[in-house]
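What follows is a short report on a single structure.
Values quoted throughout were computed directly from the atomic coordinates according to the rules given, and no laboratory measurement underlies them. Here the structure is a predicted model, which is why all the values come from computation and not from measurement. For neighbour counting, all protein chains shown are included, and Cβ atoms are generated from backbone atoms with ideal geometry for every residue, glycine included.
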Amino acid sequence: MSNVFSLFEKRIRNAVQSLEIEGISSQLISRITVEPPRDPAHGHLATNAAMVLAKPAKMNPRVIADQLVAIISADSDVASVDIAGPGFINLRLTDGFWAQHLTDIVSSGTRFGAASAGSKSKVNVEYVSANPTGPMHVGHCRGAVVGDALANLLAFAGHDVTREYYINDAGGQIDVLAKSVFLRYREALGQAIGAIPEGLYPGDYLVPLGEKIAQTHGDSLLAMDEAQWLPLIKEAAIDAMMDLIRSDLAALGVRHDVFFSERSLHAGGAENSLISKAIARLTDMGLVYKGTLPPPKGTKPEDWEDREQMLFRSTDVGDDMDRALMKSNGDFTYFAADVGYFQDKFDRGFSEMIFVLGADHGGYVKRMEALGRAISDGASKVTIRLCQLVKLFRDGEPVKMSKRSGEFITLREVVDEVGRDAVRFMMLYRKNDAPLDFDFAKVTEQSKDNPVFYVQYAHARCHSIFRQAANDMPDMPQGQDAWAGADMSLLSDEGETALARKMAEYPRIIEAAAAAHEPHRVAFYLYELASQLHAQWNRGRDYPALRFINQENAPSTLARLALVSAVSNILASGLGIIGADAPEEMR
């Protein structure tokens, strides 16, 4: 009975099936929902059942609503049923139902709202996947947090989740990195390198790597041709940059299960690589052909190479144009690497592949979705989530320059200044596809206007109440078992019952957020729950009879502590999904 809304959705759908109305199909019934009313004064639950059925049944929705009310009213958990507007149905549940449900919430602990592990699909979430050319910057931060929190959310909702990082270690940017490192290697040997040439990476973060290579190889690399030293430097540079990236991610509390190397897709040569095998499979499916492509939009005709080439027939699977698989020099295109990578993921058994990308990857959406449909023959779903830019401010003024890189603000600089929890929570306090303003001053202030502080303070306040109860009433038992045995019917104040109803929404929030791949919904919900907890605490200051601890009434105190424990558990659960701590004290 963890999800009240699903429970009554099932009951109301059963009631609909018992009606003798023509035109009602199972597909139509699946559109019936139960949710919180927009105005809490209207009741505890609201359903659109009559509105959904009216048009297909060619009946007035209020007539259908009247028939449903007669059935729903007989439910022993329903206190009253009302019809509103053109035919919406509002329900109020009995005090006994809410008392039992609150007991269930307390008994479930921090697993309230979670689905059984492994009960749902096998999902791959790929996020961050920054080029291994330097420290992570704030532009990577949002995608890292969204992807990691989404993976947490899906796992909590019962999916078998693999967190993946795709290392772009086979492109031209790696050659640029190696040449940049070689300059720092020469510098470490005492050579004057002058200004860093345009097109190379100028950041000081490469200086320690140049010094390390000098210690390892001495000046031996100086006598080598570029073709000899380049692969040596590339290997060292990739390893060093990935160590740097892993360290940055760890500071943010982001982890991955798999680090997948793009180079592994090319291993085995033209005939035996993962890319060539995947293309061969598409060829067997009739999706590869020789042809020409029109010039891209904005390309001058004289700059366009009009030649016959190997193409993927991606327009057959939903793309807006076919895609090249081979360059004029015989190398595979970047898209061809995607073909091999998708095939590898599908072979690993994922029923859904989610990619969290920056807003500048909008052009990838259709081609990646099309590729997923082709390789899996529609068996696997591909979902792309784009993260809009983050703008940094300090007291309202834009922040642009970095002390470390000289070009951009690094992720580590932001985390070191304001803390992991503030970064993670605020990166989720807007929907991923909406721009985000991040003000260093605002995310560290201790006020209601700072969501992460307000939510964490609510959790700390719950534990402060427990400590006070242990001090004021040392003989009263505490802990989950004691609280689960409390008489929840004693919680009759409107603020207490409102808290119970708000907590009942948590499983529904989890299900909806997981289905929509929107972890920001959890952050919004936590703020609302925290606000109600703080409001009830403040009411106790004004009205002593409403205080959570009443030394003259142990049964009432035990029930209120149970209520507080349920709030604490849900706050801890939601903060865990976000990836932030749930502190028991705040100073």
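Counting Lys and Arg as +1 and Asp and Glu as -1 over every other residue whose Cβ lies under 12 Å from the Cβ of GLU226, the net charge comes to 0. Between LEU357 and ARG385, LEU386, CYS387, the built amide H atoms are under 5 Å apart, and every one of these is 5 or more places off in sequence or on another chain. Scalar couplings 3J(HN,Hα) for region 106-116, obtained by applying the Karplus form with A = 6.51, B = -1.76, C = 1.60 to θ = phi - 60°, are 4, 5, 6, x, 6, 8, 4, x, 7, 9, 4 Hz; x denotes Gly and Pro.
Based on the convex hull around the alpha carbon atoms, region 42-113 presents an average projected area of 5.8 nm². Taking the Kirkwood radius as Rh and the Cα radius of gyration as Rg, region 172-252 has a ratio of Rg/Rh equal to 0.97. When every Cα-Cα distance of region 6-71 is counted in 5 angstrom steps from zero, the calculated P(r) takes the values 3, 18, 30, 27, 15, 6, 1 percent. With respect to the chain, whose longest principal axis is taken over its alpha-carbon atoms, helix 334-347 is tilted by about 50°.
A simple rule links phi to the HN-Hα coupling: the Karplus curve 6.51 cos²θ - 1.76 cosθ + 1.60 with θ = phi - 60°, which for region 88-94 gives 5, 10, 10, 10, 10, 9, 6 Hz, with x for Gly and Pro. Once backbone amide H atoms are built at 1.01 Å from N, ALA84 has ILE89, ASN90 as its partners under 5 Å, excluding neighbours fewer than 5 places away on the same chain.
Hydrodynamic analysis of region 447-578 uses the Kirkwood radius over alpha carbon pairs. Inserted into Stokes-Einstein at 4 °C and 1.567 mPa s, it gives a translational diffusion coefficient of 85 µm²/s. Placing a pseudo-label 7 Å from each Cα along the Cα-to-Cβ vector at ASP360 and GLU271 gives an inter-label distance of 4.0 nm.
Fewest-first ordering of VAL452, VAL207 by other beta carbons within 10 Å of each residue's beta carbon gives VAL207, VAL452. Taking every Cα-Cα distance in region 186-301 and sorting them into 10 Å bins from zero, the calculated P(r) comes out as 10, 24, 24, 26, 14, 2 percent.
Take the residue pairs LYS179/LYS327; LYS179/LYS234; LYS122/LYS345 and return only those whose Cα atoms are more than 19 Å apart. In this structure, LYS179/LYS327 lie more than 19 Å apart at Cα.
Entry note, region 4-93: relative contact order of 27 percent, from Cα contacts under 8 Å with a spacing of 6+ residues. Electrostatic bookkeeping for SER73 treats Lys and Arg as +1 and Asp and Glu as -1; over the other residues with beta carbon under 13 Å from its beta carbon, the sum is -2. Here region 321-386 and region 184-239 have alpha carbon centers that stand 35 Å from each other. Listed by chain and number, the lysines placed with their C-alpha closer than 24 angstrom to that of LYS431 are LYS366, LYS381, LYS391, LYS400, LYS442, LYS448, LYS502; residues fewer than eight positions away on the same chain are left out. Using the empirical formula 2.2 N^0.38 Å as the baseline, the Cα radius of gyration of region 531-581 reaches a ratio of 1.33. Using a cut-off of 15 Å between beta-carbons, work out the net charge of the residues near SER464 (Lys and Arg +1, Asp and Glu -1, SER464 not included). Neighbour charge sum, excluding SER464 itself: +3.
Computed from the Cα positions only, the extents of the chain along the three principal axes stand at 87, 64, 40 Å, in decreasing order.
The shape of region 1-156 can be summarised by an equivalent ellipsoid whose semi-axes, obtained from the alpha carbon gyration tensor, come to 40, 21, 15 Å from longest to shortest.
The 3J(HN,Hα) values that the Karplus relation (6.51, -1.76, 1.60; θ = phi - 60°) gives for region 267-273 are, in residue order, 5, x, x, 5, 9, 10, 6 Hz. Gly and Pro appear as x.
For PHE393, the residues whose modelled amide H falls within less than 5 Å of its own, excluding neighbours fewer than 5 places apart on the same chain, are VAL399, PHE438, ASP439, PHE440.
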